[in-house]
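Please treat every number below as a calculation from the coordinates, not as lab data. Here the structure is a predicted model, which is why all the values come from computation and not from measurement. In this analysis, Cβ positions are derived from the backbone assuming ideal geometry, glycine residues included, and neighbour counts consider all displayed protein chains.
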Amino acid sequence: MDYIPQITVLVLILVIIGIIYSAYRKIKRKVQDFSQMAFGTNDLSEGFAKAQEEYASTPKSVSGLTSLYLPKIVKDFPDFQFNEMKDRSNNVLTSYLLAISAKDKNILSEGNDELVNQLENHITMLDNREQNEKFDRIKIHRTEINQYRKSAGRCIVTFQSSVEYYHYFTDSNGKVVNGSKTTKFQSRYNVDLIYIQNRDLIKTETDYALGVNCPNCGAPISSLGAKHCEYCGTPVIELNIKAWTFSDVKELGN
């Protein structure tokens, strides 16, 4: 008779185990069904890894408003060459990131004092933290005009770029403390291209040398897109590569 309670307990344990196992099987099937539907695989961890890889390999979209703003820019600056300026913007962005990686401002392809100061401040920040920031295998997927505005004596064309790279931070011993050497990272950047329209209105003294001067009398050409000197009447041939410069590189949030 003493065996009956023990058998009863054993049966109850077996029933509970059966219920738990059955519930586990149902949950597992549901997880597999979800994983198959969402990721195309029955293994959820494999699905998440696959999704993460696809996310890391998918370029960010850019707010391309070139068709809207380019006609306005060309109206103000008939000699503005979009492809030339886009290539310059890509070179500035790439060289800016490489300059951070090398902690060498001289790698920056071009830019005014504002951009150089921005780069120097970033490098100083890394030095203060005793860290290095690396951008490897940089690839620019797409670059478009995102904005065109006129303010404080400037005309500003903002290019927006979709960028891919391997991004990570290392400590003074070369150990990776953030990011990854093996996982791609997708991001977006805005790069500002500026033209000094009126030197009397600009707020930053470092920009004084960016305007166009008359080749005859040396007077500053302040009027937007002027073709003649207002002082001596000498025709002015504006060279885009001299009149335009880059002033800011900014990473956008996700």
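In the range 117-144, which residues have a backbone nitrogen under 14 Å from the label point lying 7 Å from residue 171's Cα in the Cα-to-Cβ direction?
129-132, by backbone N distance to the label point.
Explain nothing, just compute: Karplus ³J(HN,Hα) = 6.51 cos²θ - 1.76 cosθ + 1.60, θ = phi - 60°, for every residue of the range 61-68 in order, whole Hz, x for Gly and Pro.
Going residue by residue, I get 7, 10, 7, x, 10, 4, 5, 7 Hz, with x marking Gly and Pro.
Label points 7 Å out from Cα along the Cβ direction at residue 137 and residue 121: separation in nm?
3.3 nm
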